[in-house]
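Below is one structure, written out as structure tokens, with a few remarks after it.
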Amino acid sequence: MKQIPLAKEYFGEMIRHYPDHDKTGQASMYMGHIYYQGGEMKEAVDFYKRSTKAKDTSLAAEARYRLAESLYSMGDSERAILAYQAVISEHPDQPLWVQMARFRLGNIYEQEGKKELALDFYAQTTQMKEGTPNITQAAQERIQSIKSQNMHEMDKDEKNG
């Protein structure tokens, strides 16, 4: 725990003194992680936003994804959805982050009861050629679960109707 204040000081100094340095985006990302892990979401959001401007597109995509996660953790699902969608539209060359964003959008829409949207995003997740097998499998499982729930609800409606 003693290392965290030192890390904040070190990365903060780097960001302040070298705002245009190639590694400043990474320093901002680390600061975002520190604040996120500490439950300080507003601060995490601020640092992740800075990292979205990084020249390194992989870093920028990760920052946008982590920004979305932070917003969602704050209860701001509307802005989180926009940030996840930005990962997909702004970083199509980053398949890991795109796949993860699609999966999380599926999760959010499923939690909101928007099953068709959830199914659509889960399907997009499974169709990615460069996707991660674990995420693909998780999306397939969510699709099966939703379809099973839909069948159960239809059977229930027929018995009551």
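Read-outs: derived from the displayed coordinates by stated rules, not from any lab. Just so it is clear, the structure is predicted and the values come from calculations on it, not from any experiment. Counting neighbours? That spans all protein chains shown, and the Cβs are built from the backbone with ideal geometry, glycine included.
When you filter the trypsin sites (Lys or Arg not before Pro) in the stretch 15-66 for DSSP loop state and at most 16 other Cβ atoms inside 10 Å of their Cβ, you are left with Lys23, Lys53, Lys55.
For the stretch 21-148, the relative contact order works out to 15 percent when only alpha carbon pairs closer than 8 Å and six or more residues apart are counted. Given R0 = 30 Å, the distance between the Cβ atoms of Gln111 and Lys49 translates into a calculated FRET efficiency of 0.75. The simple spin-label model puts a point 7 Å past each Cα toward its Cβ; for Glu90 and Ser58 those points are separated by 1.9 nm. Against the main long axis of the alpha-carbon atoms of the chain, helix 115-126 sits at an angle near 60°.
Among the trypsin sites (Lys or Arg not before Pro) in the stretch 95-150, those placed in a DSSP loop whose Cβ has at most 10 other Cβ atoms within 10 Å are Lys129. Between Gln3 and Gln137, the contour length at 0.36 nm per residue exceeds the alpha carbon distance by 44.5 nm. Sorted from greatest to least, the principal axis extents spanned by the alpha carbons of the stretch 94-161 come out as 48, 20, 13 Å. When only alpha carbons are used to place a centre, the stretch 104-124 and the stretch 10-71 end up 28 Å from one another.
Rounded to two decimal places and with Rh computed the Kirkwood way over Cα pairs, what is Rg over Rh for the chain?
Reported Rg/Rh, Kirkwood definition of Rh: 1.10.
Between Lys129 and His17, what is the spin-label point distance in nm, taking each point 7 Å from the Cα along the Cα→C-beta axis? My value for the distance between the label points is 4.7 nm. Against the longest principal axis of the chain, how steep is helix 133-160, in degrees 0 to 90 to the nearest 10, with axes from Cα atoms? So the helix axis and the longest Cα principal axis differ by about 40 degrees.
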